[in-house]
Ligand SMILES: CC(C)(COP(=O)(O)OP(=O)(O)OC[C@H]1O[C@@H](n2cnc3c(N)ncnc32)[C@H](O)[C@@H]1OP(=O)(O)O)[C@@H](O)C(=O)NCCC(=O)NCCS
């Protein structure tokens, strides 16, 4: 089955989704913002929107991200991404998502590890994040990478209102 992947332009040709060796991890850029917004919707992440991604990535140096992308028939297709903020020793993982068609293939791990790598390069020794208490898949994913629950935030999320777990990992 061919996944419905956000594209920068041209349609893909026949095939091209049979293996994942051509998916590369690279730096998320402000000009990726329209694709990130599409991916945000496809991965069911809370809405930040194109303008915010462009601004955070273009104007605020503490924010950075990584993307999983492939070139198909001359167009860039995003399969996953992360967005993080590095402040002193703290790396805050703000967003991570992989298209559902590509789950459980190790791609989330690739983008997470690339994000850690950049965080450590910037001097971080601790990563923390918030996650909806109902998001068992993500909690399992973070747990598989060594994150532990460090606390909770009441009514942290809206639409629907829900508590968050705070999870933490020593890098
Ligand atoms: C969380 C997410 C990024 C994981 O991406 P992924 O590419 O599927 O993750 P990986 O294939 O690298 O999984 C690594 C390990 O995490 C754990 N894991 C991942 N998804 C899991 C699931 N649905 N159930 C149980 N464990 C899971 C497993 O231990 C897995 O290793 P295994 O496949 O060898 O058993 C992805 O599910 C996603 O995009 N979810 C929607 C967006 C989201 O909720 N983001 C987090 C918001 S806080």
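None of the figures in this text is laboratory data; all of them are computed from the coordinates on show. Source: prediction; values computed, not measured. When we count neighbours, we look across all protein chains shown, and the Cβ atoms used for this are built from the backbone with ideal geometry, even at glycine.
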GNM on the chain, Cα springs under 10 Å; top mean-square fluctuation among 114, 42, 150 goes to 150
Most exposed first by the Cβ proxy, i.e. fewest other Cβ within 10 Å, how do 153, 77 rank? 153, 77
Within 10 Å of each residue's Cβ, count the other Cβ atoms and sort 53, 156 from fewest upward. 156, 53
Please state the relative contact order of the chain as a whole percent: Cα pairs under 8 Å, 6+ residues apart? 18 percent
With a ≥ b ≥ c from the Cα gyration tensor eigenvalues, square-rooted, and the rule rounded for a/c under 1.5, otherwise prolate when a/b > b/c and oblate otherwise, the range 130-171 is oblate
Report the residues of the range 107-139 in range of a label on residue 148: point 7 Å along Cα→C-beta, backbone N strictly under 17 Å from it. 125-129
Apply the a/c threshold of 1.5 to the C-alpha gyration tensor of the range 40-171 and tell me whether it is rounded, prolate or oblate. rounded
